[in-house]
């Protein structure tokens, strides 16, 4: 769980691997920063794209707010990047969910060829609720699979192209990160040896 973002208690930022990222999800500059951070994550492009696709898949399925309970175990099982999985879940939010669910229901209705359920008190009858649930589940599965596959291939191409365009910067950044970790370990060992000698 090392690569999960750590939310800060104060301020309008969350911290990811020592870098502060703004929490204002709807500003264009924040979105660009978030995409840059996602592309620069120290992981393989396939794992990042896989994580994003998993998040989008579970975000689109009608899980009614429980998507994260399914997305993270799936990401762990399929060895995907967990940070990108969480970002993918944001495809479903209070603004997009009503439209996604309505579209899923329409797709399910067309596939199953069921008569539309009229919005009335009869909708609460068990038979009508089952029809609605079946249409939503079938439509949701079709839409989720389609958009998740599209997300995977698009994200993979974007990440690969970005890293090809800026290979030196990415390599230098990764080497600098590894160097810092190595120096921290050496410093810790030196302190341990010094404490033993002096103690």
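Read-outs throughout are calculated quantities, based only on the coordinates presented, and are distinct from any laboratory measurement. Quantities reported herein were computed from a predicted structural model and do not represent experimental measurements. Here Cβ is always computed from backbone atoms with ideal geometry, including for glycine, and neighbour counts include all displayed protein chains.
At 0.36 nm per residue, minus the direct Cα-Cα distance, what do residue 190 and residue 154 gain on full extension? Give it in nm, one decimal, please.
Taking 0.36 nm per residue and subtracting the Cα distance, the gain is 8.3 nm.
Expected output is a single nm value to one decimal: the length gained when fully extending between residue 198 and residue 35, i.e. 0.36 nm times separation in residues minus the C-alpha distance. What is it?
Residue separation times 0.36 nm, minus the Cα-Cα distance, leaves 53.7 nm.
Arrange the following residues from fewest to most other Cβ atoms within 10 Å of their Cβ: 115, 85, 194, 63.
Fewest-to-most Cβ neighbours within 10 Å comes out as 115, 194, 63, 85.
Using mean Cβ contacts within 10 Å as the protection proxy, how do 180-189, 34-43 order, highest first?
34-43, 180-189
Rounded to the nearest 0.05, what FRET efficiency do residue 161 and residue 42 give with R0 = 22 Å and r taken as the Cβ-Cβ distance? Could you check?
According to the calculation, E is roughly 0.75.
Take residue 79 and residue 95, extend 7 Å from each Cα along the Cα→Cβ direction, and tell me the distance between the two endpoints in nm.
Between residue 79 and residue 95, the simple spin-label model gives 3.7 nm.
Neighbour counts of other C-beta atoms within 10 Å: give me 141, 44 arranged from fewest to most.
So the ranking, lowest neighbour count to highest, is 44, 141.
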